[in-house]
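Student: My questions will all concern the structure given below.
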Amino acid sequence: MLPSLAGAGPLLVTPQRHWDLVHTLRAVLDQGRAWLAEAGAAGVYLLAQEVPPFPERDDTDSELESRSQDALPETVFLHLMAEDNLALLPDDTPRGFVELSLRVGRRPWEARHLEFDCVQWHNIDIEAADGSVQRRRYPFLVYWMQKVRRRHKLPLHLTDVEVITRQQDHLRREFPQCFDPEGRPLSQRMLLFPTPRLSRANKFGERPYGSSTSRYWLEVWVDSVSQLVDEDGQDLDRSSVFPYAFRHTYAQLHADAGVPLEILQVLMAHQESSTTQIYYRVCHPRRVDAVRAIAAKYQFDISGGRLRARTPADDLADRAPAGVGQVPVPGGTCHAMNNVRADGHGCPVYYRCFSCKFFTTDFTQLPEVRQLRATKAEQLVRLEATYGSVLVPGPQGRANTELLRQELVQIDELISKCETDLGSLTEKDKATVEAWLHSRDRFLTVIPVAAVLAGRQQLAQPTIDPILLAVEAR
């Protein structure tokens with residue numbers, strides 16, 4: 001504890017900085033011993049045992065991996081992301097840095113060295129469930145990975161872009177000398193979180209804050225957050241909230257939401273899938289199995305007929321002689337033999353799943369079914385607007401429009417049946433299923449999953465965007 005320069009109280013320092021200050025003070029006193037004696041202060045000294053021990057290596061500044069236990073519980077993460085808690089941070093660089101670190105799950109070094117123009121927008125062709133191709137525009141975070149010395153792109157949610165834009169506007173207001181009249185940085189190497197310490201090397205904001213400074217922001221903020229408890233209602237050890245824990249939390253939350261390993265590997269920018277696996281605990285499959293066991297009792301086909309609940313052994317016994325299994329399709333599962341053997345690429349009816357007898361679904365597919373419903377409703381509106389003003393519909397146009405209307409009716413019936421099944425569950429089963437649906441809805445349906453599938457063939461290509469605020473999650 002050292003006196004604050006402002007005289008308003010003590011100045012908190014990190015253990016590393018505390019050791020540096022006391023060690024330097026002892027060296028200065030020893031070198032100025034003769035001058036102290038002449039000034040009548042020969043009794044001013046520091047013994048070696050009064051210098052605090054050198055702090056142990058801090059995992060927050062390391063690249064240590066295989067520590068999945070560092071992931072914060074989902075309840076703690078959402079509590080930290082709440083607006084009233086983020087408002088406790090100074091509304092400038094500290095808040096921007098901490099909030100963005102929570103959202104994107106990058107390494108501490110990568111977050112501190114983000115460039116000012118770190119957001120790029122790309123057009124991606126997305127194939128919809130009905131086979132049509134739509135071009136959409138997505139934002140991506142472009143950053144340098146010092147650990148493997150290459151660049152990577154991470155898709156962002158629009159709320160993440162807002163955090164970056166807010167920090168850019170703050171820098172333009174605070175450091176106008178670093179920008180031209182049009183608001184562009186004078187240096188292409190200007191950082192998003194530059195240190196305000198002026199030097200010849202930092203004339204245009206090209207030097208980052210030190211790692212100890214960012215840890216200090218986080219420690220002070222976490223100490224000011226009230227009621228930080230884990231999923232069991234126990235007080236959380238606040239020392240478990242450190243910068244690198246955000247990366248493990250990012251991996252754990254996406255794994256819990258059902259993001260496949262190969263996509264999560266691209267998302268984490270790992271060259272080996274084995275590295276990704278050690279970033280999260282394998283606890284989600286047990287929760288998925290519990291939900292699937294409940295949903296197996298409530299499956300139905302497109303005609304609304306209830307299917308008999310089957311065990312995995314029954315399903316395997318049927319598939320062995322017949323060669324018929326199942327393959328995931330938008331909003332449910334397909335049991336057509338040719339399509340299954342072609343791994344979902346052999347549909348003879350052009351993926352008109354909602355009018356096919358081989359299609360089944362249940363309430364675990366609710367988020368995707370709702371998303372499909374919204375997409376098809378948007379297509380119908382565009383068709384009706386075009387045929388009513390620009391084009392004259394022919395037989396095929398009228399058929400497509402009527403087919404979309406019928407599909408919307410069928411989807412509405414499926415959604416109604418799924419919601420009815422959810423309402424008929426016991427309180428215990430309902431809590432299990434709703435917790436899982438809540439997680440899927442937040443981490444899957446609000447992000448461009450199609451962009452993941454379009455770009456996962458290369459590690460440098462876009463993947464999926466990160467976390468949504470707790471307010472939107474509700």
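The values are calculated or read from the model by the stated rules, or taken from the named source; none is laboratory data. Bear in mind that the values here come from a model prediction, so they are computed numbers and not experimental data. Positions of Cβ are backbone-derived with ideal geometry, glycine not excepted, and every protein chain shown enters the neighbour counts. Surface accessibility is based on the protein's heavy atoms, side chains included, excluding ligands, DNA and RNA. Shrake-Rupley method; radii C 1.70, N 1.55, O 1.52, S 1.80 Å.
Student: Between residues in segment 229-244 that are in contact (Cβ under 8 Å) with a residue 40 or more places away in the chain and residues that are surrounded by fewer than 13 Cβ atoms within 10 Å (Cβ to Cβ) and not in a loop (DSSP other than H, G, I, E, B), which pairs lie under 6 Å by C-beta distance while being six or more apart or on different chains?
Tutor: Here the result reads VAL229/ASP235, each pair linking segment 229-244 to a residue that is surrounded by fewer than 13 Cβ atoms within 10 Å (Cβ to Cβ) and not in a loop (DSSP other than H, G, I, E, B).
Student: I need a count of the residues in segment 84-95 that are open to solvent by 60 Å² or more (accessible area, probe 1.4 Å) and touching a helix residue (DSSP H, G or I) at 6+ places or on another chain (Cβ under 7 Å).
Tutor: 1
Student: If you scan segment 342-368, which residues turn out to be in contact with a strand residue (DSSP E or B) (Cβ under 7 Å, 6 or more places away or on another chain), open to solvent by less than 80 Å² (accessible area, probe 1.4 Å) and either of a type outside the set (Ser, Thr, Tyr) or in a helix (DSSP H, G or I) (or both)?
Tutor: GLY344, CYS353, PHE359, GLN365
Student: Exactly one of (1) closer than 20 Å to ARG207 by Cα; (2) modelled with pLDDT of 85 or more is unmet by ASP61. Its number?
Tutor: Among (1) closer than 20 Å to ARG207 by Cα; (2) modelled with pLDDT of 85 or more, the lone unmet condition for ASP61 is (2).
Student: Could you tell me whether segment 143-157 includes any residue that is modelled with pLDDT of 90 or more and surrounded by 12 or more Cβ atoms within 10 Å (Cβ to Cβ)?
Tutor: yes
Student: Something else: Under the condition of being under 18 Å from LEU158 (Cβ atoms) and without any contact (Cβ under 8 Å) to a residue 40 or more places away in the chain, which residue from segment 96-129 is least open to solvent (accessible area, probe 1.4 Å)?
Tutor: GLN120
Student: Would you check which residues across segment 196-244 are farther than 26 Å from ARG173 by Cβ, open to solvent by 30 Å² or more (accessible area, probe 1.4 Å) and aromatic (Phe, Trp, Tyr) and list them?
Tutor: Matches in segment 196-244: none.
Student: So TRP144 passes all but one of these: (1) without any contact (Cβ under 8 Å) to a residue 40 or more places away in the chain; (2) more than 21 Å from the chain's Cα centre (by Cα). Which condition number does it fail?
Tutor: (2)
Student: So, one more: Going by the structure shown, is ARG200 under 30 Å from LEU88 (Cβ atoms) and among the charged types (D, E, K, R)?
Tutor: So ARG200 does not fit the description; no.
Student: Right, something else. Working only within segment 380-400, note down all residues that are at pLDDT below 85 and surrounded by 14 or more Cβ atoms within 10 Å (Cβ to Cβ).
Tutor: Once the filter is applied, which keeps residues that are at pLDDT below 85 and surrounded by 14 or more Cβ atoms within 10 Å (Cβ to Cβ), segment 380-400 yields LEU383, GLU384, TYR387, PRO393, GLY397, ASN400.
Student: Still on this structure: Inside segment 228-241, can you point out the residues that are over 29 Å from PHE193 (Cβ atoms) and part of a loop (DSSP other than H, G, I, E, B)?
Tutor: Within segment 228-241, the subset over 29 Å from PHE193 (Cβ atoms) is 229-235.
Residues satisfying the conditions are ASP230, GLU231, ASP232, GLY233, GLN234.
Student: Counting only residues that are surrounded by fewer than 15 Cβ atoms within 10 Å (Cβ to Cβ) and among the acidic types (Asp, Glu), which one in segment 401-433 is farthest from the chain's Cα centre (by Cα)?
Tutor: This residue is GLU402.
Student: Here's another thing I want to ask about it. May I ask you to list the residues in segment 158-184 that are open to solvent by 30 Å² or more (accessible area, probe 1.4 Å) and in contact with a helix residue (DSSP H, G or I) (Cβ under 8 Å, 6 or more places away or on another chain)?
Tutor: Going through segment 158-184, the residues open to solvent by 30 Å² or more (accessible area, probe 1.4 Å) turn out to be 158, 162, 165-166, 169, 172-177, 180-182, 184.
Correct list: ARG166 only.
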